[in-house]
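Q: Have a look at this one before I ask anything.
The values are calculated or read from the model by the stated rules, or taken from the named source; none is laboratory data. Keep in mind it's a predicted model, so treat the numbers as computed, not measured. As a convention, Cβ positions derive from the backbone with ideal geometry for all residues, glycine included, and neighbour counts pool all protein chains shown. With ligands, DNA and RNA removed, areas are computed over all heavy atoms of the protein, side chains included. Shrake-Rupley method; radii C 1.70, N 1.55, O 1.52, S 1.80 Å.
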Amino acid sequence: MTKKKRNWIPVVTALIRKGDQLLVGQRPETGSLPGVWEFPGGKIEAGESPEGALTRELKEELGIDVEVGDLKLSCTHNYEGVSLLILFFEVNFWKGEPKENHHTQIKWVHRDQLHELNLPQANRLILERLLKTLYGSGKR
Ligand code: DGT
């Protein structure tokens, strides 16, 4: 059997935390995954570090200057013919007020309400793991 070689797209996303709330943004109506709620972030460009890419994306998309925290989780996902490697970083500190430079809307969502959003499948599949790494396994 021949193995299919895939081209990977590395993506960084931010788990921007304010206590029990996380910041999510609604993707524009044009482009991939229109209208879906995502954790802000984007593709790592050639030559960038993951942290550098996330810092750039959050400045572009939200207009904030962040201190990128720990890498909390990684996952791979195939969709629409592409393979993504997604790295999720925690962000607890930033300067500025997040703005809708890129997203249709942004909002703070309580961790218990995240599963009610239309999230990318890649995120829905790992949501429980994500919440566990961020908040522990205690009662929410
Ligand atoms: P561009 O400018 O269209 O080449 O792309 P970027 O760098 O603005 O990034 P974007 O957001 O289009 O690419 C991220 C890819 O990862 C996109 O195919 C959607 C997918 N993805 C899956 N889950 C997430 C997530 O939680 N956040 C973000 N930002 N992307 C996600």
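Q: Might you report the magnitude of the Cβ-based charge dipole of the chain about its Cα centre, with Lys and Arg at +1 and Asp and Glu at -1, to the nearest 20 debye?
A: Approximately 600 debye in magnitude.
Q: Can you tally the net charge around LEU73? Count Lys and Arg as +1, Asp and Glu as -1, for every other residue whose Cβ sits under 12 Å from the Cβ of LEU73.
A: Net charge in that neighbourhood comes out at 0.
Q: Could you please state how large a percent of the accessible area of the chain is carbon and sulfur, counting protein chains only and using a 1.4 Å probe?
A: So the carbon and sulfur contribution to the accessible surface is 49 percent.
Q: Give me the distance in nm between label points sitting 7 Å out from Cα along the Cα-to-Cβ direction at GLU60 and TRP8, one decimal.
A: So the label points at GLU60 and TRP8 sit 2.1 nm apart.
Q: Tally Lys and Arg at +1 and Asp and Glu at -1 over the other residues with C-beta under 12 Å from the C-beta of GLU51: what net charge comes out?
A: Cβ neighbours under 12 Å give a net charge of -4.
Q: Quick check on region 92-140: take the gyration tensor over C-alpha atoms, sort the square-rooted eigenvalues as a ≥ b ≥ c, and tell me if it's rounded (a/c under 1.5), prolate or oblate.
A: Numbers: a/c = 2.28, a/b = 1.44, b/c = 1.58.
Judged from the Cα gyration tensor, region 92-140 comes out oblate (a/c at least 1.5, b/c at or above a/b).
Q: Looking at the chain, how many pairs of lysines come closer than 22 Å at the Cα, when each pair is eight or more places apart or spans two chains?
A: Lysine pairs meeting the criterion: 23.
Q: List the GluC sites (Glu not before Pro) within region 1-58 that fall in a DSSP loop (any state other than H, G, I, E or B) and whose Cβ has at most 13 other Cβ atoms within 10 Å.
A: On the way: sites: GLU29, GLU38, GLU45, GLU48, GLU51, GLU57; in loops: GLU29, GLU45, GLU48.
Loop-located and lightly packed - GLU29, GLU45.
Q: Could you tell me which of rounded, prolate or oblate describes region 8-135, using a ≥ b ≥ c as the square roots of the eigenvalues of the alpha-carbon gyration tensor, with rounded for a/c under 1.5 and, failing that, prolate when a/b is larger than b/c and oblate otherwise?
A: Since a/c stays below 1.5, the shape of region 8-135 is classed as rounded.
Q: Provide the per-residue ³J(HN,Hα) series for region 81-91, in order, calculated from phi with Karplus coefficients 6.51, -1.76, 1.60 and θ = phi - 60°, each as a whole number of Hz, with x at glycine and proline positions.
A: Each residue of region 81-91 in turn: x, 10, 10, 9, 10, 10, 10, 9, 10, 7, 10 Hz.
Q: So what is the accessible area of region 8-135 per residue, in Å², with the probe set to 1.4 Å?
A: Solvent-accessible surface per residue comes out at 50 Å².
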